[in-house]
Amino acid sequence: MDRFLSSDGGGTKTEQTQVTPKNAKELRDKVCMDIGRCFFENALPFHLVKSPSFISMCRSIGDYGRGLKTPSMYELRTWILKEEMNTTNAIVEDIKQSWPLTGVSIISDGWSDIRNRGIINILVNNPKGTVFLKSIDGSSFSKDAPRLFKMLDDVIEEIGKHLVVQVVTDNASAYKAAGTLLMEKRKHLYWTPCAAHCLDLMLEKIGELPQHQSALSKGKRLSKFLHNHQWLLNLTRKYCKRDIIRPAATRFATTFLTLQSIYQVRQPLEAMFTSEEWETCPWASKANGKEAKHTILKDTYFWASVSYAIKTIKPLVEVLRLVDGDKEQTMGYLYNAMDTAKEKNINIFRWRRKGLQIDMGNHR
């Protein structure tokens, strides 16, 4: 309503209201309300306010003053878009100018789109920044080492073989073989496996150990049972005051986070499964409901194994979070982080050797 009842009619440029200490807070509150209303009406994420472009937009609007005529849809998709493309191209060209000075690393990042196509993003990195080069549909050759080798070799030729110092891919067997072929053909470059993918594979192998496998399988079944039924999910939220993290198929770390979130709400879950609401609900008499209740209330080995899994996996998950972020370069911290993780796990196992180990009973 403020937009339609403003004294200047929303379109003509009038004299600006002089800001004084008395009315500064009132004027700022009105501006913040208008910004908030735009977020709420268009379902914009709140973290958008941290974006440098949002901050720059607000600053430019403030510098212009009242009476600004907002851009139309036509302007946004024509000259404004074209100018922004020119700006982006200029930034990319500026980064490319530094490639001969520093050399570059080619990064291959695979993912699946909504049509389950295996898309491979090719990025070029050097100390000045990362440039997206192109996307390739690799559905037909994602596990074919010779064809992956040819794809990466063609990218090297496109960029300039004298510029490429390193090729970074995941640690799958096909990419590993393709990396070996690249180093045999081009003696000056190195193939490097992605640190995040290597850590994820390490966590998957650790999860296959008997001490962890039982806790992980039971934790997954419990989380799936509570999330697959809306009434149970609402009951869980009522007692736990939070959601239990669901394990994802792509990253083992989410399975660890599921165990951690279950362990953090142990007491609320025990209260839920002993409540009258649970006893009178239809799920209490079903097999999966009985299994979930037994896991929470009577399976002491489950809680011991969950605690053990969290303590042993957490150091590596912390390293994974470090290398999987994109805020800063982490190579300089990786080796120290891995040494720290090893020391933490050594201390955990030394603690167990002193006779204070978790009682695993017959489940070892």
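Remarks
- Residue by residue, segment 44-53 carries 3J(HN,Hα) couplings of 7, x, 5, 5, 4, 5, 7, 5, x, 5 Hz when phi is fed to the Karplus relation 6.51 cos²θ - 1.76 cosθ + 1.60 (θ = phi - 60°); x denotes Gly or Pro.
- Loop trypsin sites (Lys or Arg not before Pro), segment 250-309, which have at most 15 other Cβ atoms in a 10 Å radius of their Cβ (DSSP): Lys286, Lys298
- Karplus 3J(HN,Hα) series, Hz, for segment 270-282 with 6.51 cos²θ - 1.76 cosθ + 1.60 (x for Gly, Pro): 5, 5, 5, 7, 10, 7, 5, 4, 5, 4, 9, 7, x
- Available extension along the chain between Glu83 and Lys224 is 45.9 nm, counting 0.36 nm per residue and deducting the alpha carbon span.
- In segment 120-213, inverting the average of 1/r over every pair of distinct C-alpha atoms gives 14.6 Å as the Kirkwood radius.
- Whole-number Å³ per residue for the convex hull built on Cα positions in segment 97-169: 85
- Two-decimal Rg to Rh for segment 31-136 - Kirkwood Rh, Cα set: 1.07
- With R₀ set to 22 Å, the beta-carbon distance separating Leu101 from Leu76 gives a calculated FRET efficiency near 0.05.
- Segment 225-288, Cα convex hull volume normalised per residue, Å³: 88
- Percent RCO, i.e. relative contact order, over the chain, from Cα pairs under 8 Å lying at least 6 residues apart: 10
- Within segment 253-292, the ratio Rg/Rh, alpha carbon atoms throughout and Rh by Kirkwood, equals 1.08.
- Each eigenvalue of the Cα gyration tensor of the chain, multiplied by 5 and square-rooted, gives one semi-axis; in descending order these are 45, 38, 20 Å.
- For the pair Val31 and Arg321, label points projected 7 Å from Cα toward Cβ lie 3.6 nm apart.
- For Gly118, distant residues with modelled amide H under 5 Å away: Gly138, Ser139
- Eigen-decomposition of the gyration tensor built on the alpha-carbon atoms of segment 165-222 gives equivalent ellipsoid semi-axes of 35, 9, 8 angstrom, largest listed first.
- With all protein chains in place and a 1.4 Å probe, the accessible surface of segment 113-195 carries 55 percent carbon and sulfur.
- Percent accessible area from carbon and sulfur atoms, segment 28-103, protein chains only, probe 1.4 Å: 64
- For the chain: accessible area per residue (Å², 1.4 Å): 65
- Each of Thr280 and Asp113 was given a label point 7 Å from its Cα along the Cα-to-Cβ line. The distance between the two points is 5.3 nm.
- Distance between segment 188-216 and segment 27-102 - C-alpha centres, whole angstrom: 40
- Whole-number D in µm² s⁻¹ for segment 153-292, Kirkwood Cα-pair radius fed into Stokes-Einstein, 10 °C, 1.306 mPa s: 86
The values are calculated or read from the model by the stated rules, or taken from the named source; none is laboratory data. Given the structure is predicted, the values throughout are model-derived calculations rather than measurements. Note: ideal-geometry Cβ built from the backbone for every residue, glycine included; neighbour counts use all protein chains shown. Just the protein is used for accessible areas: all its heavy atoms, side chains included, with ligands, DNA and RNA removed. Shrake-Rupley method; radii C 1.70, N 1.55, O 1.52, S 1.80 Å.
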